[in-house]
Each structure stands twice: as structure tokens, then as C-alpha cells.
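Engineer: Got a structure here, written out as C-alpha cells. Questions coming.
Derivation of every value follows stated rules applied to the coordinates shown; laboratory data play no part. As the structure is a prediction and not an experimental result, all values here were calculated from the model. Ideal geometry is used to build each Cβ from the backbone, glycine not excepted, and the neighbour counts take in all protein chains shown.
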Amino acid sequence: MLQERLIDWQLSLAEQKELYYSQVDRVFKQIENDAEFSAFTLSGTGFLVREQIYAFANAAAHINANGTDFFDSDYKKETEKAWIEDAFLRTSQDIRSFYQEFVEYSPALPIPAEVRVWGEPPKSRLFARYGNSLVLYEDIVDEFEREGAALAAMRLVEKTLVSTKPGDKVIFVSPAGWTGMADPEEHKDAHVYVFGHDESLTLRTRMDHAQSVAFLNQLAGKHLLDIDSNSSEKERIKSIMGKVVVVNGYEFEDVAHEIRTVIGSDVVWEDDNGARTYGEMIASIKNRSRAINLGEEIEVFIDDLKDYVENEDPKNFSDEFIAGLIYRIGRIVLEIELNQNPEIAQASSLPLTEKYKNAHILLQARSGCSHAPNKRKNTSEVKILCCTCPFCGRQVEAIIKDGMIICPICHMSRSWQG
């Protein structure tokens, strides 16, 4: 049974946020353990629904924390509206970024980062932009990833970038392999992060560790880094992430050219669709500013989410409201996956809840999803069975999850007991 909303007018902002975050965790776990609705949590995929709900919890905490009654009523009303709007814009932005990264598999991904003067005494800092909000970039990096090497790398990027002149770019590589976390255990690709004062970009590559070192040394124009052949994978990754290179006068296309040179091939990356070429990476870079069009049907669901949060009293951060957010946000991403698999979406024999469960399975199996299990491993979440599909007749590695077996080629499914 869902409990009543949690508000204590005597709580500070930090206390109110912690209380709401605990409430989100509890409701999220309830839905995650409900076989009928767990698909909407998108667990095991690259889209973190819980983090989206935290943004709304943060908005509610700012609105409801002790002291807000002292604001002028009209000002307070506008402030409340701004907090809710920021949380919605962040979710909308993250959905489009997820589509670009995990559905389109774009080789070049925009980074919403910018340098701003902040604090007292004032100093330049690197921020991530979410909707109308700015968040310190280091605050969005998991402090446990690669035993802190990822956070240390981002702090080094910020320290270096704010001391450079306009036109300079700061580059570092996050190599493929060990992550230091249980989920995911490893990253499939090497990501080249290119940070500028006005614009930043991630380039996804198939560089191995030796190529990543050669790439950094080539950019630096000197011997910047070497790796002991006897070092462990963890040591190699930490060493690579511990170096940044400053370049001047480089365009993003120039960085892509350096990647191709180091790899020694036009195939600069590989995804679920096969080899991706240097030409595709250049095209993706040139189109980096385009609007991400999810289609009319998906935009309707996004508008529904917007209406839902705008029409709710921001003081009413109830369990029912949280559950409604999980359902609506999860539904948008599941519908995006169904649009990629019309055989499931149009299967008249499957009820909508079963279609969503199948979409959830396919999302978990997508290559590159940052929290997806390796689809070639047998785990408690997803299992693989080599068999002949009874629908399309092809030999496939079928996906088994939650009592369903699904063909990765024709995407038809049926119940499974085994």
C-alpha cells in the first residue's frame, strides 16, 4: 500500500531532499518488484529512471523546505514553476540523448557543458546544462567509477580547461574495459572526450589501450604516456585517464582524423549494426546540433508527462505522484524501443503490458547501454539460447527473461519455461 506524502515544515533543504530521495527509493523498489509493472523502471538499461525522479524530488524539496514561506507569494509561485520546469526539461533532454546514444548509435554525441564564473570568491567552473539548470560537472560523475579515476579525470579537465584560452580544447580518453562497478562491469568502447569553452563532444571509438596511448601522444606532439606491458588492465585504464591534452585550433573533425590515423583504418567504431566508418563519424559531427525528432507519437507521451507534472501541486510529492512519474517516463522509453520493433508493437495477440516487457528485454540487450548486462553472458537477468526461431525459421541467439523468450531478429516472443 502506498504511503502518504512526506512533508515536514521544520526540515532544512538537505534534510527534505534526503527524505524525498528515500521515499523515491522505496516506491521505485515496490514497482521494480512488481512483475506487472517492473518494465517501467527500465532496470538494467542505459536509462536511469530513478535519477530522473530524484530531479523532481530535488525540485519538491526546494519548494517545500523550511523557509520558503517567507517569499512573496507571486515570486514563490514563479519559483515553484521554474523548479518543476527544470526537472521536466532535464528528463526530456536525457530521453533525447538516450535515443541518440543507444538507438541511433551516433558516433558523435554532444556534451551539454559550459564554463561559467561561479561562487565566492568568483572563479570559472565547468558546468553541465540540464534544461535551464546548471550543475557542476563533477557532481554528475559517479565517484566510484573506476575507483575514482573518472571523477579525478573530470576534475583535471575542469582545472585545465578554465586556465586555457578561447579556441583551446581539452581532450582525454575513457578506455574500454574495467569500470570498478558491478553494473556495468566493463565499457565496450573507448570514448574520446573533447571539451571546449563553448562546445564539447564525445567521439565513440574502437581504440584499444595501446591505440589510446598512441592517440594521446600524437595529440600532445611528445611522449606523454607509456604503459608497462606487465601492468594490469586496471592500471592501464587509470594511467590513460590520468592524462589530458590541450590542443589549439583543432576542430572536432581534426580529432576524428587523429583517431582514424591511430587506428589505421576507416572503421573507427563498431556497434550492433556493424562497422562504423570515419565518414559516418564526420557526418555525425557535422550534424551534432540537429534537433532530435522522436516522432509525433513519442512527443505526445512527452507532452503527457509535461501536463502531469505541471498540473500536480508541487507540495504534493506523494507516493502516487512518484509512481505516476515512473510509469510515464518509463513508457516514453519503452515506446521508443517499440517503434524500432514494429513486429512486437503491431502484434495483436500481445497485450500492451507484454509488449512493454518485450521492449524492456530488448533495451537491456542493446549494445553500449551503460547499465546493460553483456548479452553474450548468462546472468540471472538475461540468458541466451542458441536455437531456431519458430516464427522466422532462422538460427538465433534468443533472449530469455522474465518467463519470455524473444527472437532478436524478428522480435516475436512467447512464454518460456526452462
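Engineer: Modelled label-to-label distance, R288 and D254, 7 Å Cα→beta-carbon offset: nm?
Structural biologist: For R288 paired with D254, the spin-label model returns 1.3 nm.
Engineer: Extending each Cα 7 Å along its Cβ direction at E235 and E147, get the distance between those two points in nm, one decimal.
Structural biologist: 1.1 nm
Engineer: DSSP loop trypsin sites (Lys or Arg not before Pro) in the range 271-365 with at most 16 other Cβ atoms within 10 Å of their Cβ, which ones?
Structural biologist: Details: sites: R276, K286, R288, R290, K306, K315, R328, R331, K355, K357; in loops: R288, R290, K315.
Answer in residue order: R288, R290, K315.
Engineer: Where does each of Y20, Y356, Y308, Y105 land when they are ranked from fewest to most other beta-carbon atoms within 10 angstrom? Intermediate values should be presented prior to the final figure.
Structural biologist: Details: Y20 26, Y356 23, Y308 16, Y105 19.
If I rank by nearby Cβ atoms, fewest first, I get Y308, Y105, Y356, Y20.
Engineer: OK, next. In what sequence do V162, V333, V117, V247 fall when counting other Cβ within 10 Å, fewest first? Intermediate values should be presented prior to the final figure.
Structural biologist: Details: V162 16, V333 27, V117 9, V247 19.
In increasing order of surrounding Cβ atoms, one gets V117, V162, V247, V333.
Engineer: Also, I was wondering about something else. Kirkwood hydrodynamic radius, computed over distinct alpha-carbon pairs, for the range 86-191: how many Å, to one decimal?
Structural biologist: Numbers: mean 1/r = 0.0646 Å⁻¹.
Hydrodynamic radius (Kirkwood, Cα only) of the range 86-191 equals 15.5 Å.
Engineer: Starting from the 7 Å offset along Cα-to-Cβ, what nm value, one decimal, do you get for the label separation of V162 and S265?
Structural biologist: 4.1 nm
Engineer: Over the range 170-227, consider all pairs of different Cα atoms and compute the Kirkwood hydrodynamic radius from their mean reciprocal separation; express it in Å, one decimal.
Structural biologist: 12.4 Å
Engineer: What are the radius of gyration and Dmax of the range 106-271, computed over its Cα atoms and given in Å?
Structural biologist: Just the Cα atoms of the range 106-271 yield Rg and Dmax of 15.6, 49 Å.
Engineer: Just list whichever of K188/K243; K234/K355; K159/K222; K238/K286; K81/K188; K17/K81 have alpha carbons separated by over 29 Å in the model shown.
Structural biologist: Values: K188/K243 21 Å; K234/K355 40 Å; K159/K222 21 Å; K238/K286 31 Å; K81/K188 40 Å; K17/K81 18 Å.
Flagged as over cut-off: K234/K355; K238/K286; K81/K188.
Engineer: So, R0 is 30 Å and r is the distance between the beta-carbons of K222 and E199; what FRET efficiency does that work out to, to 0.05? Don't skip to the end; give the middle numbers.
Structural biologist: Numbers: r = 27 Å, r/R0 = 0.88.
The formula returns an efficiency of 0.70 here.
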